[in-house]
Structures are given as structure tokens and as C-alpha cells.
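Each remark here refers to the structure printed beneath this line.
The values are calculated or read from the model by the stated rules, or taken from the named source; none is laboratory data. None of the values given here were measured: they were computed from a predicted structure. Using ideal geometry, Cβ is built from the backbone for each residue, glycine included, and neighbour counts are taken over all protein chains shown. Please note that ligands, DNA and RNA were not included when accessible areas were found on the heavy atoms of the full protein model with its side chains. Shrake-Rupley method; radii C 1.70, N 1.55, O 1.52, S 1.80 Å.
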Amino acid sequence: MSAASRYTYLGPEGTFTEAALRTLPEAATRELVPMVSVPAALDAVRNGEAGAALVPIENSVEGGVTATLDELATGRPLMIYREVLLPIAFALLVRPGTGLESVKTVTGHPVAQPQVRRWLAAHLPDAQWESAASNADGARLVQEGRYDAAFAGEFAAATYGLVPLVTGIHDADNAETRFVLVGRPGRPAASTGADKTSLVLWLGDDHPGALLELLQEFAVRGVNLVRIESRPTGEGIGRYCFSVDAEGHITDRRVGEALMGLRRICPKVRFLGSYPRAGSDPAQAAPLRRGTTDEEFAEAADWLTRCIDGRG
């Protein structure tokens, strides 16, 4: 297959990322290639070795996936074209014949630990936890005998010759992870009416109200933020950028004008894409606030032109 027909993902086989990727209709006609890390999956896209990569970006329990946030903010530019939400529940995978009383060491991805912490304390209080590169990699390590058990998706058991000792493990009901399909920069897909726009914003200098100035660019135009998260820039203590998800599409006048306003006051703005919001039905979208529709923006611009022309 050509590189454009190859999709990479956080591997190895049997990760939740692979499960999320396989929910996309086009996955059936793509070569799906597991990678050892999020940076490796994204670099394959940057280097033209793959057409897209699916990586985790946010968990409803643990928050943002820092490896993905930092790669999208600081690496060579990429764009998000789609998002996938996947419900998350873990199974405790063991080698055949292993009982719960024999589990002394457990492993899994670091993001998994906060999602099973209370279950561990109640059922395996003396077990030692060590992190793995991914949940599926933890299953592989159990297969090799390096750990007694791994927290992973139940679907990973057959791949690694393991059995699910306990299933449906989660400390928080309705836990889910958000994944994004990332490709090289290009023209965003057309607006659907239920979209999300992702950005990274850098402050020019640290002063009282600096963050408020950024937020006002969204607020005065009626753009709702669904996530904002600070990340260190690596330039010293107190130096941060902000990863932002906003409702709407870059072609919506309210969103486009907010981005122009941010570009005027920020030393750097990275546009990460406008894409359909997972699980949203445009027909069920809440009505926009008065004064924030495209038609009202156009009418205001027309009024200003008439005033300049002496026809106001």
C-alpha cells in the first residue's frame, strides 16, 4: 500500500487506540501500523511514511495526554481531522492458571492507574505497580513473565495468550478517552454545524490579566471553550502555552474573528484544525447567542461599510 493508505497508532496491537481506530469506516481499507510511542506515530505522518495517525489526547478521568499535547504544540505542524470517543473499562489480564491471590505485580499505561486505583486498593492492596509504554505492552510483558497481571482492554487477551481474570474494572462510571486522527496540514473539512476547533496559544508576556485577555477574544464573540489546559514551554518556570478546544468551525464568522483577535495579541498561535465534534448531532445544537451568527456578523460589517461611505 502507499503511504497515504497507511495509518499509524499507539501500539502494540491490542491497545485502546487500535480499538478506537477500528471504529473509523476507512480503517477497513487502510494498513494499520502500531508504533512504540505517540511521537513515533506522529513522526511517521510528518515524514510522509503514513497518511494519518490516531493518538489519545484526553481522558475523562486523568485529563490531557501530555505526550500528544506537547507533540502537537512543539513538533512540526500537523492538523486534527477527526476525533473519536471510546468508552473505557479495563480487564485484569493474567497467564492461564493465575489466581487473584497470586498477583503480586501489575502493570499498565500510566493513564490507566488513576482509573483503577480504588479497585487496586480494595482487591490487590499489596500488589506493586509499574508503568508500561501502553496497556497492550503491559499485556505483552505479562505474557513474557515479567509481571503477574496487566490492566488492558479485554480484547487484548487473545492477542497475547492471556485470560481476563476480572473484567469491567473502572473507578469512574462512564469513563472515556478521546482520540484524534492527525494528518499533515491541509484544508479543513467543511463545517457540519457541530464542530470543534483546536489551537495552541502563547502569551506574549506574563502580566495581570494576560490569560483573561485571551479568553475575552472568545467570550465577546460568543465562542464557547470546551477545554483549556496549560503546558510548560520548556523556556523556564512560569512560561506556558495553552491548549484550547473551542466550539465551532474556523469558517464560522465568530470563530474566525476570534482567531484573528488572538493572532493580533499573541506572539504565536498554532491552528490545529476544525473537525466534526464526536457524538454531536447538528440538529440538536443549542441556538447561538444573539449577535454571534454569521448573518449578524455580515450585517454588522455591511453597516460599518455604509457608515464609512456616508450611508450609515
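Per residue, the accessible area of the stretch 272-312 comes to 72 Å² when a 1.4 Å probe rolls over the protein heavy atoms. Per residue, the stretch 76-157 exposes 44 Å² of accessible surface when a 1.4 Å probe is rolled over the protein heavy atoms with every protein chain present. Beyond 25 Å, the tail of the calculated P(r) for the stretch 29-174 holds 34 percent of the Cα pairs. Placing dummy labels 7 Å off each Cα toward the beta-carbon, the span from A286 to S131 is 3.5 nm.
Model label sites at R187 and E144, defined 7 Å from Cα along the beta-carbon direction, differ in position by 4.8 nm.
What full-extension length gain, to one decimal in nm, is calculated for D171 and A89 as 0.36 nm per residue of separation minus the Cα-Cα distance? Don't skip to the end; give the middle numbers.
On the way: separation 82, 0.36 × 82 = 29.52 nm, distance 0.91 nm.
Full extension of this stretch gives 28.6 nm more.
Taking Cα atoms only, the orientation of helix 113-123 departs from the longest principal axis of the chain by about 40 degrees. Full extension of the segment from L100 to T29, taken as 0.36 nm per residue of separation minus the current Cα-Cα distance, would add 21.5 nm.
Remind me, relative contact order of the chain in percent, using alpha carbon pairs under 8 angstrom and six or more residues apart? Computed value for the chain: 20 percent relative contact order.
For the stretch 132-179, the calculated P(r) over all alpha carbon pairs, in 10 Å bins from 0 to the bin holding the longest distance, is 26, 52, 21, 1 percent.
Loop-located trypsin sites (Lys or Arg not before Pro) in the stretch 42-117 (DSSP state other than H, G, I, E, B) with a sparse environment of at most 13 neighbouring Cβ atoms within 10 Å: K104.
Pick out, in residue order, every one of the trypsin sites (Lys or Arg not before Pro) in the stretch 205-280 that is DSSP loop and has at most 12 other C-beta atoms within 10 Å; say none if there are none.
On the way: sites: R221, R227, R239, R253, R254, R263, R264, K268, R270, R277; in loops: R221, R239, R277.
In loop regions of the stretch 205-280 (DSSP not H, G, I, E or B), the sparsely surrounded trypsin sites (Lys or Arg not before Pro) are R239.
For the chain, the longest principal axis of the C-alpha atoms and the axis of helix 294-308 are separated by about 30°.
The candidates H170, H249, arranged from most to least accessible area with a 1.4 Å probe in the full protein assembly, appear as H170, H249. Surface composition of the chain: carbon and sulfur atoms hold 51% of the protein heavy-atom accessible area at a 1.4 Å probe. Give the distance, in whole Å, between the Cα centre of the stretch 73-127 and the Cα centre of the stretch 211-246. That distance is 30 Å. Helix-derived [θ] at 222 nm for the chain: sum -39500 (n - 2.57) over DSSP H runs of at least 4, divide by residue count, nearest 500? After summing the helix terms and dividing by the residues of the chain, the value is -8000 deg cm²/dmol. A value for semi-axes √(5λ) of the Cα gyration tensor in Å was derived from the coordinates, and within the list (i) 31, 27, 18; (ii) 34, 24, 16; (iii) 42, 21, 18 it appears as (iii).
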